Amino acid sequence: MDLQQIKYFLALSRELHFWNTAGKMNITQSALSRQIQSLENQLGVQLFERNKRNVKLTAAGQFLKEKWEVELNKLEFIHQSARQIQLGESGTITISHPDSISASIMPEILSRISDAFPKLKVKLVQVIYENQQDFLRNYKIDLAITRDINTAKDIESQKIYTDHLAIVVPEDHPYQTPEDLTKETLASQKFILPTNDEGSSYSDLIQRLFNSLENAPEVYLHSEFGSAIIALVRKGLGIAILPDSYLFHEIPGIRFIKLPLETDLYINWRTEDHNPVLANVLKLIVP
């Protein structure tokens, strides 16, 4: 018994006429009759009652018609899903990204993916700097959007966007412009900064800012989570340096002072990964 025999059976069960069914299935009437007889022999079940004038389903044939129609629809759905996965139109892709772009470029990226591939599932996660490359290599994530420059040979990287750093202060703070940041005024400030990860080009960028101001900041607290840092700034517990993309979070009670220091965003993926889903998504993101 094969799938085509079942299709012949279902077509005949709807038409209840061998000549009409054979025409619709593009086979001869005798070939259709042989396929139905073969199916009945394999099942050990009579599917149709036949005479010179009429063809009708037996009780067993009616039962199989109802069941096989459902199962064939399910099978066709499975086959269609497999074709979509092969074409990169379906499946799941896992993307890690920094909290800072949750409200800036991520909605636009996700909108492009959704419009182009509505059946594709997207899983968003946040991964600390020291785990990002291992998560890529171990297939825990498929894409990593980071602010750090990649040097690993087994990971491809492409710049996709540029933000600026900003001083983040409570809205009643005396700092108003970048010119207010001087060696003297910074000496009295407590800082809440992102975790200083060894080897992180983003951490190095923040350190270069302090070096340019000839200042060694008094760091009150480190955190991996920019949203937590902003909440502490709003509470008046210190000031921070964060990407200005946090502006899109529209958090009241704080002020961003844009600095002339750029922080780039990179998208990273496995060099030898030929998953068509990944290739399709990269075409939507990489300039």
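Which residue fluctuates most in the GNM of the chain (Cα springs below 10 Å): ASP273, ASP172, ASP148?
Of ASP273, ASP172, ASP148, the most mobile in the Gaussian network model is ASP172.
From the Cα gyration tensor of segment 162-263, with a ≥ b ≥ c the square roots of its eigenvalues, which class applies: rounded if a/c is under 1.5, or else prolate if a/b is larger than b/c, or else oblate?
Cα axes put segment 162-263 in the rounded bin.
Can you put MET25, MET106, MET1 in order of accessible area, largest first, using a 1.4 Å probe?
MET1, MET25, MET106
Under a GNM of the chain (C-alpha, springs under 10 Å), which listed residue has the highest mean-square fluctuation: VAL277, VAL168, VAL219?
Top of the fluctuation ranking is VAL219.
Checking the table LYS159/LYS190; LYS24/LYS65; LYS159/LYS258; LYS183/LYS235; LYS140/LYS190 against a 30 Å threshold on Cα-Cα, which pairs fail?
Flagged as over cut-off: LYS159/LYS190; LYS140/LYS190.
Given the options ALA240, ALA59, ALA228, which has the most mean-square fluctuation in a GNM of the chain, springs set between C-alpha atoms less than 10 angstrom apart?
The residue that fluctuates most here is ALA59.
Under a cut-off of 19 Å between alpha-carbon atoms, report the aspartates and glutamates in cross-link reach of LYS121, not counting same-chain residues fewer than 8 places apart.
Cross-link targets: GLU89, GLU108, ASP142, ASP273.
Roughly how many nanometres apart are two label points built 7 Å out from the Cα toward the Cβ at ALA187 and GLU262?
Roughly 3.5 nm, to one decimal.
Name the residues of segment 120-158 whose amide N is less than 20 Å from a point 7 angstrom out from the Cα of LEU110 along the C-beta direction?
In segment 120-158, the label zone of LEU110 (backbone N under 20 Å from the point 7 Å along Cα→Cβ) covers 120-128, 141-147.
When the Cα atoms of segment 1-141 are enclosed in a convex hull and the volume is divided per residue, what value in Å³ results?
Enclosed volume per residue, from the Cα hull, is 165 Å³.
So, counting K/R as plus one and D/E as minus one, what does the shell of residues with Cβ under 10 Å around SER96 add up to?
Here the count lands on +1.
Taking all protein chains as present, what is the carbon and sulfur share of the accessible area of segment 117-174, in % to the nearest whole number, probe 1.4 Å?
The value for segment 117-174 is 46 percent carbon and sulfur by accessible area.
At 1.4 Å probe radius, can you tell me the per residue accessible area of the chain in Å²?
I get 56 Å² per residue for the chain.
Just to check I understand the Karplus step: with θ = phi - 60° and J = 6.51 cos²θ - 1.76 cosθ + 1.60, what whole-Hz values come out for segment 68-79, glycine and proline as x?
Here the 3J(HN,Hα) series is 5, 4, 5, 5, 5, 5, 4, 5, 5, 5, 4, 5 Hz.
Taking all protein chains as present, what is the carbon and sulfur share of the accessible area of segment 3-87, in % to the nearest whole number, probe 1.4 Å?
The C+S portion of the solvent-accessible surface of segment 3-87 is 52 percent.
Figure the gain on full extension for SER201 and TYR220 (residue separation times 0.36 nm, minus the Cα-Cα span) and round it to one decimal in nm.
That works out to 4.7 nm of additional length.
Run the numbers for LYS159 and TRP68: contour at 0.36 nm per residue of separation, minus the present Cα-Cα distance, in nm.
Taking 0.36 nm per residue and subtracting the Cα distance, the gain is 27.6 nm.
The values are calculated or read from the model by the stated rules, or taken from the named source; none is laboratory data. Keep in mind that this is a model prediction, so the values were computed, not measured. Note that we place each Cβ from the backbone using ideal geometry, even for glycine, and neighbour counts take in every protein chain shown. SASA here: full protein model, heavy atoms, side chains in, ligands and nucleic acids out. Shrake-Rupley method; radii C 1.70, N 1.55, O 1.52, S 1.80 Å.
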